[in-house]
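To start, the structure itself, in structure tokens.
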Amino acid sequence: MIDIHGLTVRYGKKIALNNLDLRVGDGEHLILMGPNGSGKTTLLRALLGLVRYDGTISLNGKSTNGIARRELAREIAYVPQIFSTPYTFTVKEFVSMGLYSLSREWWIEDERIHKVLSDVGIDELKEKTINTLSGGELQKAIIARALVQDSNYILMDEPTAHLDIRSTQEVLEVVSNFKDKGTIIVSHDLNALNKLGGSVLLIKNGEIVFKGMKDDPDFKGRIMDTFETRIGEIGGFFYFPLS
Ligand code: ADP
């Protein structure tokens, strides 16, 4: 259980998050949505201990403030936005880096690596170098690197941004199989919400404006207010109309 109370983050005079209270249950899938600059990345950074904050963040009742990085990594893994890399690590080597948070002997062939590669569906890519992967393949390798940490929670920053439709479907399929891992996913992609279900957290100007399920009667109105746009719905599936 992640419990956040009175979380406030300031960058100089700018208040990026203002007195947030939030609880994320074990195994809960939470989609975090909000306009650019609303504080989504700052919330992830606070959870990862990468930014100074007021208030408390606790994991299973224990404050994360001052917790050792390795200990935190056992609880929370992070999938950053997709990045390009000039490095020529093989996929297998890249994924094994996730083990560094658990052991100093991370540069090893380990059955955990093979299991994760197979779970994510990239086993056949294991000897390829990461600088030769397609966007979708690289995103799956980044997810695999986080999964090998075997943490209770996983934070993902726009996992389907920059991916084509087919890769988006494949990545969302992978994420939908995180059965008992608490997952917080920053996404602008309503397909993520449609596919993954789970709960939605809408934030705007550093404040929570909604937390609930997408079939909550208030959701549609709140998301339209949050993004100041219309939202379409067909058979329970939401989309942002372009005109
Ligand atoms: P989001 O991820 O929702 O786009 P961010 O958490 O990145 O939003 O940013 C929230 C607010 O904090 C924005 O107004 C942004 O300009 C500001 N901000 C983010 N990082 C910094 C920083 N390092 N220094 C100053 N202001 C920042």
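Only one of the listed residues (LEU7, LEU22) is surrounded by 22 or more Cβ atoms within 10 Å (Cβ to Cβ) and hydrophobic (A, V, I, L, M, F, W, C). That residue is LEU7. Of the residues that make up the stretch 136-152, is at least one farther than 24 Å from ALA73 by Cβ and in a loop (DSSP other than H, G, I, E, B)? Checked the stretch 136-152: no residue is farther than 24 Å from ALA73 by Cβ and in a loop (DSSP other than H, G, I, E, B).
Each residue in the stretch 70-87 was checked for being surrounded by fewer than 11 Cβ atoms within 10 Å (Cβ to Cβ) and under 20 Å from LYS181 (Cα atoms), and 0 pass. Determine, yes or no, whether GLY66 is within 21 Å of GLY206 (Cα to Cα) and surrounded by fewer than 15 Cβ atoms within 10 Å (Cβ to Cβ). No.
Summed over the stretch 196-243, residues that are open to solvent by less than 20 Å² (accessible area, probe 1.4 Å) and small (Gly, Ala, Ser) total 4. Within the stretch 25-59, the set of residues being among the charged types (D, E, K, R) and either surrounded by fewer than 21 Cβ atoms within 10 Å (Cβ to Cβ) or touching a helix residue (DSSP H, G or I) at 6+ places or on another chain (Cβ under 6 Å) (or both) comprises ASP26, GLU28, ARG45, ARG52, ASP54.
The values are calculated or read from the model by the stated rules, or taken from the named source; none is laboratory data. Model, not experiment: these values are computed from the prediction. Every residue, glycine among them, receives a Cβ derived from its backbone with ideal geometry; neighbour counts consider all protein chains shown. Areas reflect the complete protein model, heavy atoms only, side chains present, ligands, DNA and RNA absent. Shrake-Rupley method; radii C 1.70, N 1.55, O 1.52, S 1.80 Å.
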